[in-house]
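Here's the structure we're looking at; comments come further down.
The values are calculated or read from the model by the stated rules, or taken from the named source; none is laboratory data. This one's a predicted model, so the numbers in the text were calculated from it and none came from an experiment. So basically every Cβ, Gly included, is an ideal-geometry build from the backbone, and we count neighbours across all protein chains shown. Calculation scope for accessible area: heavy atoms of the full protein, side chains included, ligands and nucleic acids excluded. Shrake-Rupley method; radii C 1.70, N 1.55, O 1.52, S 1.80 Å.
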Amino acid sequence: WLAQLKRLDDPHTLDLALKYIRKYIISKLEQPQIPSFLACFSQSTDHKSRRQCSRIGWLLVFQGLCELLPATIVTKHAQRISSAICLYVSDPDQAVRNACCTAVERLVNNTSAALDVIVAPFLSLLRSTHRWQAQDGACQCLVKCIDALKNTTTTTGNDPVELQILQATARKLLNVTRSMVKKIHPSAKSSLYLVLLACAQTLASVNVVGPQ
């Protein structure tokens, strides 16, 4: 059934199918079924092979996984889900890249997995690709990751251990992305600067809260 769904390219039909998936499939998935379920929505490297509504639709499936499954299951499969999202960040359509950001934000908000695990696919892509769309999409997702973790940490009472983890992650991400400024495509530089800004603001806020 899921294999047939991939052939749908009509927005209205796809919307109905996605509602069905959320209600009758995702909510009933068991942990061993997650890898094969994710594989059903793996993105082809040829983004032109699917219409925009389909590509955004599959990202909504990943978003549904993060929202509907217990956090323990999402945590166990956080790296797989992050990697599945990352396959779409090089899409030439900005709307699809925006959907990637929303999906990865939901992932960070609904898992206790280390942020290093979630950002790893995007950092790897950033290091290896020369396509500006991929660099732009990866940077946008990194910004969402760090902002989501910062918001989650500050709303849970500024736990000292969580603040230390946030500080270490932001510093590592800052150092890695800072080294890429000269290598990144001009069209993606503004997004990279947003990553640097998000990391710097996070470190500043942690330093303010930490000693209290």
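Summary of values
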item: Potential lengthening between Gln31 and Asp116 on full extension [0.36 nm per residue; Cα-Cα distance subtracted]; result: 28.4 nm
item: Asp93 versus Ala71: modelled label distance in nm, points set 7 Å from Cα along the beta carbon direction; result: 3.4 nm
item: Summed residue charge, Cβ within 13 Å of Leu126's Cβ, Lys/Arg positive, Asp/Glu negative; result: +4
item: Inter-label distance for Ser124 and Leu194, nm, one decimal - labels placed 7 Å from Cα along Cα-to-Cβ; result: 2.4 nm
item: Heavy atoms of Asp136 accessible to a 1.4 Å probe, total area in Å² rounded to 10; result: 10 Å²
item: Charge sum, other residues only, whose C-beta stays under 14 Å from Val143's C-beta, Lys/Arg counted +1 and Asp/Glu -1; result: +1
item: Segment 59-198 shape via C-alpha gyration tensor axes, a/c threshold 1.5; result: oblate
